[in-house]
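The values are calculated or read from the model by the stated rules, or taken from the named source; none is laboratory data. What you see is a predicted model; the values in this text were computed from it and never measured. As a convention, Cβ positions derive from the backbone with ideal geometry for all residues, glycine included, and neighbour counts pool all protein chains shown.
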Amino acid sequence: MDAHQQLIADVFDRACPSRDALEHVTGRWGILAMMALTEGTFRFNALRRRVDGISEKMLSQTLQALERDGFVHREAQPVIPPKVEYSLTPLGEQTAEKLVALVLFVEERLPEIMVARQAHDKAKG
């Protein structure tokens, strides 16, 4: 891309790469991994324990996608056995701040959400 070209992001355009990045960050496992990494640097198995319910395969895929997008830093130390640690990049930290706000909002409004669910289920049932 030369200096005269500019990438214009439009999440509503199916070909826009912002959709993939948004999906990686806001998908069930992406958001939970990002939230956990706000607590600090984790080794793979510690992160897997922190994100209850995620499989090893899914965590690996999630971390690879987040690393590719620039949200997560993977550091592999050349020791035996291998030691790999994951942390947020500056971009990941900024993104995680927004996710934390969303998660806190949803958690604070959980009583309303539960009432809405019950009303919906009762009307459908």
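Assorted remarks:
- Within region 15-51, the set of residues being closer than 22 Å to L102 by Cβ, more than 14 Å from the chain's Cα centre (by Cα) and outside any helix (DSSP H, G or I) comprises C16, G40, F42.
- Qualifying residue in region 60-69 (condition: in contact (Cβ under 8 Å) with a residue 60 or more places away in the chain and either within 19 Å of A96 (Cα to Cα) or in a helix (DSSP H, G or I) (or both)): no
- The set of residues in region 70-119 that are part of a strand (DSSP E or B) and either modelled with pLDDT of 95 or more or of a type outside the set (D, E, K, R) (or both) comprises V72, H73, R74, E75, A76, Q77, V84, E85, Y86, S87, L88.
- When region 65-82 is filtered for residues that are surrounded by fewer than 17 Cβ atoms within 10 Å (Cβ to Cβ) and within 11 Å of the chain's Cα centre (by Cα), only E67 remains.
- Residues in region 37-50 that are free of Cβ contacts under 8 Å to residues at least 40 places away in the same chain and within 16 Å of Q64 (Cα to Cα): N45, L47, R48.
- So A96, is it over 30 Å from I113 (Cα atoms) and in contact with a strand residue (DSSP E or B) (Cβ under 9 Å, 6 or more places away or on another chain): no
- Residue match in region 10-21 (condition: surrounded by 10 or more Cβ atoms within 10 Å (Cβ to Cβ), aliphatic (A, V, I, L, M), more than 26 Å from V106 (Cα to Cα) and modelled with pLDDT under 95): no
- Residue within region 48-57 that is under 21 Å from Q94 (Cβ atoms) and out of contact with any Phe, Trp or Tyr (no Cβ under 8 Å at 6 or more places or on another chain) present: no
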